[in-house]
1. Please specify each residue of region 32-59 satisfying the condition of being surrounded by 13 or more Cβ atoms within 10 Å (Cβ to Cβ) and at positive phi.
2. Could you check region 72-110 and list, in sequence order, the residues that are in a loop (DSSP other than H, G, I, E, B) and either surrounded by 17 or more Cβ atoms within 10 Å (Cβ to Cβ) or under 15 Å from the mean Cα position of the chain (by Cα) (or both)?
3. Does Thr145 satisfy being touching a Pro at 6+ places or on another chain (Cβ under 7 Å) and among the β-branched types (Val, Ile, Thr)?
4. Would you check if there is a residue in region 83-103 being modelled with pLDDT under 95 and among the polar types (S, T, N, Q)?
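The values are calculated or read from the model by the stated rules, or taken from the named source; none is laboratory data. Fair warning: this is a prediction, and the values are worked out from it, not measured in the lab. Positions of Cβ are backbone-derived with ideal geometry, glycine not excepted, and every protein chain shown enters the neighbour counts.
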Amino acid sequence: MRIHRLFGFALTAAVVIVLAAIAAALAVSPGASAANARTLKWDELLPPGWTAPLDKGVIEDPNAPSGIGYDPKFFPVNAALNGKKVRVPGYVVPLDMGGDTTEEFLLVSYLGACIHVPPPPPNQMIYVKTEKPVKFDGLFMAVWTTGTILTQHKDSELGLAGYSMTADAVEPYKGPDLPIEFNKNE
């Protein structure tokens with residue numbers, strides 16, 4: 001009887017050790033976050049089958065820098081993306097100008113977005129918050145941003161973003177010639 005208990009204890013301990021080793025092997029390290037994320041194209045932020053309204057949705061907004069904004073009900077987001085780990089290329093539009101770093105920015109698909117009026121529609125902007133400051137070169141920087149995307153609106157002085165993300169990683173864009181608009185060339 002004592003041998004059976006000893007054998008049972010040894011077997012249980014071995015199983016626990018093997019399961020711990022498997023869990024450690026499957027753990028996601030910060031450097032592996034991009035490898036485990038789905039690369040997203042900007043047109044995937046739009047709901048399937050949706051087309052932009054030609055005569056609706058642009059509204060006068062006294063809080064917007066240009067006095068023009070968008071009514072989010074005319075620019076729905078893709079609900080299937082909510083809570084998904086994604087990697088998105090885009091341009092940084094800093095919201096908190098702290099020297100040459102930012103911890104809060106809008107990720108947009110084309111160079112110059114949010115400077116022109118009106119800004120991109122909400123379903124084509126992602127509000128990004130980082131845990132650590134991101135160093136940027138110049139006003140607009142092209143980056144890969146990786147994190148969990150949420151279908152959660154976030155208003156800022158530069159526009160209303162239809163998506164929010166806490167970034168796991170923000171890395172300089174590396175690839176072929178830098179496209180002006182990512183959803184056409186990426």
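1. Gly57
2. Phe75, Val77, Asn78, Asn82, Gly83, Leu95, Ser109
3. Considered against the rule, which asks whether it is touching a Pro at 6+ places or on another chain (Cβ under 7 Å) and among the β-branched types (Val, Ile, Thr), Thr145 comes out as no.
4. yes
Let's see how each residue does on (1) modelled with pLDDT under 70; (2) under 13 Å from Pro121 (Cα atoms); (3) among the hydroxyl-bearing types (Ser, Thr, Tyr):
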| position | (1), (2), (3) |
| --- | --- |
| Met1 | yes, no, no |
| Ala10 | yes, no, no |
| Val15 | yes, no, no |
| Ala27 | yes, no, no |
| Gly31 | yes, no, no |
| Asp43 | no, yes, no |
| Gly49 | no, no, no |
| Val77 | no, yes, no |
